[in-house]
DNA sequence: GGGTTTCACGCAAAAACCTGCAAGAACCGC
DNA sequence: GCGGTTCTTGCAGGTTTTTGCGTGAAACCC
């Protein structure tokens, strides 16, 4: 096989699979590992791929995962926040969890909205405080330094005493069979209580988290009223949720 | 799996779910725990995530909140905070109000202190959260946007249920005849409850506020145990308070 | 304070890498 | 066609990276 041919083959392969291994390539093309290495080196210098120890990665791969944006998927969360904000009407009593998506929601609330927001999330409360006309109620209890939210029996007790019109949950994983799940026991208790205390449950998540699973169960799909992602509501990935009776926005 | 792939996977996971556990990761990727640890360490050094015992946290979620907008008499408040911090011993249960002096106190706490801090002040809670080893308890209720503190019956009720070893009050005015006074009705109610619930009351103030008066009464001089200013304890302006039996630091 | 988990450091083996070299292939001008 | 040049490739060696393991220290939980 000619050198040019070989390099074209490698490039094709790396673009197709986002990665190649030197060891597999040399086995496949039947040349020495040195030759593959030299090819990869050359292609890397010409900027066609990214050389790493043991093989090479496509440029697409690198772009996909080396996003240096501060908040992950910031733009997508802004879209979600916009959609969510439109659900809040004047006079409503709204319960929210924490998380970056909820913070975006807080920023996206229309300036003239008059409503009451309840949360145990310190960063969320900080954002709500900036708003000129909404009332803010903080749920008290022990502060979890990881999740920056108040957790514990007191907090759950307070939430139980509430009847909210709307509950916004920033969720970490959702799955048609298991519903929403999370990885922090205390936070899950909070969210469960929130779901119980609300007339309408709205889940916010970037589409990446759809059909993923975490260890601890929050609520099943039939307890969710609305699902908001950055995607169009008729995206095929959302179909199972629409079929399950969830309003997808 | 290539090293870079693995790290990208970890980063993706931590951004998606806010936190990862080393043990779960090594199980998932099928490498030794050491390798995961090394990856996390490396990613942490490159500032991509925050390494903690047992796993890692997403960076976006742990961003610092720069509450460091210009503070009036900053240097003096730092001195006060230093003196105040020295009063807190391991295992203590400490009740604090809000205010910039209290924020400085939070920053001045020794790194290895183990104690429980209770407050309704959102900026103060934010600072306490940064501390590695203190427990933080947030008093919940309606949030006052002016004073950035939770106010109302619920908050007062919760404070009443507490028996604190120490209470730090950032005060706005003190006077030998009227004691400490303030100008916000709701905040005063809170502070009164704090004084009642604490074995020892410590007032923090810059000397400028000494011998000044505000409309609403918090507590009289004989309810104050310690007074901390930026001045030397034997400064003549403080003599009346020493004579009244207050420990002046 | 004791027991468990997690971490850090060093070590060793394996894998991958780099360098230089030489044999052969391809090329080029005559 | 032919000598010289350049290019390509594989190999030998020594170096670096990566990884897993063992040990003791540190951190954490109750």
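The table below lists the values:
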| item | result |
| --- | --- |
| Residue list for segment B:187-210, restricted to those being closer than 15 Å to residue B:248 by Cα and not in a helix (DSSP H, G or I) | B:200, B:201, B:202, B:203, B:204, B:205, B:206, B:210 |
| Unique match (being at pLDDT 90 or above and within 13 Å of another protein chain (Cβ to nearest Cβ)) among B:160, B:142 | B:142 |
| Residues located in segment A:149-186, provided they are part of a helix (DSSP H, G or I) and without any contact (Cβ under 8 Å) to a residue 60 or more places away in the chain | A:153, A:154, A:155, A:156, A:157, A:158, A:160, A:185, A:186 |
| Residues (more than 8 Å from DNA strand D (Cβ to nearest atom), within 17 Å of residue A:59 (Cβ to Cβ), more than 14 Å from chain B (Cβ to nearest Cβ) and surrounded by 12 or more Cβ atoms within 10 Å (Cβ to Cβ)) located in segment A:14-40 | A:15 |
| Total residues in segment A:233-249, condition under 10 Å from residue A:221 (Cα atoms) and exposed (fewer than 14 other Cβ atoms within 10 Å of the Cβ) | 1 |
| Sole residue being touching a helix residue (DSSP H, G or I) at 6+ places or on another chain (Cβ under 6 Å), farther than 25 Å from residue B:59 by Cα and without any contact (Cβ under 8 Å) to a residue 60 or more places away in the chain, chosen from A:56, A:106, A:115, A:44 | A:56 |
| Residue within segment B:172-180 that is within 14 Å of another protein chain (Cβ to nearest Cβ) and in contact with a strand residue (DSSP E or B) (Cβ under 8 Å, 6 or more places away or on another chain) present | no |
| Subset tally (residues that are part of a helix (DSSP H, G or I) and either within 13 Å of DNA strand C (Cβ to nearest atom) or in contact with a strand residue (DSSP E or B) (Cβ under 7 Å, 6 or more places away or on another chain) (or both)) for segment B:28-50 | 13 |
| Members of segment A:80-135 that are over 17 Å from the mean Cα position of the chain (by Cα), within 11 Å of chain B (Cβ to nearest Cβ) and part of a loop (DSSP other than H, G, I, E, B) | A:120, A:131, A:132, A:133, A:134 |
| Index of the failed condition, residue B:72 passing every other in (1) loosely packed, with under 14 Cβ neighbours inside 10 Å; (2) touching a helix residue (DSSP H, G or I) at 6+ places or on another chain (Cβ under 9 Å); (3) not in a loop (DSSP other than H, G, I, E, B) | (3) |
| Failed item, numbered, when residue B:78 is tested on (1) closer than 28 Å to residue B:184 by Cα; (2) within 16 Å of DNA strand D (Cβ to nearest atom) | (2) |
| Selection within segment A:187-202 - free of Cβ contacts under 8 Å to residues at least 40 places away in the same chain and either touching a helix residue (DSSP H, G or I) at 6+ places or on another chain (Cβ under 7 Å) or more than 17 Å from residue A:117 (Cβ to Cβ) (or both) | A:188, A:189, A:192, A:193, A:195, A:196, A:201 |
| Candidate set from segment A:183-221 (those that are within 12 Å of the chain's Cα centre (by Cα) and within 14 Å of residue A:98 (Cα to Cα)); member that is surrounded by the most Cβ atoms within 10 Å (Cβ to Cβ) | A:203 |
| Boolean, residue B:16 is within 16 Å of DNA strand C (Cβ to nearest atom) and part of a helix (DSSP H, G or I) | no |
| Residue identified as assigned by TED's automatic domain parsing to the domain that holds residue A:228 and over 19 Å from residue A:139 (Cα atoms) among A:173, A:193 | A:173 |
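The rows are residues; the columns are (1) closer than 26 Å to residue A:189 by Cβ; (2) not in a strand (DSSP E or B).
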| residue | (1), (2) |
| --- | --- |
| A:214 | yes, yes |
| A:218 | yes, no |
| A:222 | yes, yes |
| A:230 | no, yes |
| A:233 | no, yes |
| A:238 | no, yes |
| A:242 | no, yes |
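The values are calculated or read from the model by the stated rules, or taken from the named source; none is laboratory data. Not measured: the values here are computed from a predicted model. So basically every Cβ, Gly included, is an ideal-geometry build from the backbone, and we count neighbours across all protein chains shown.
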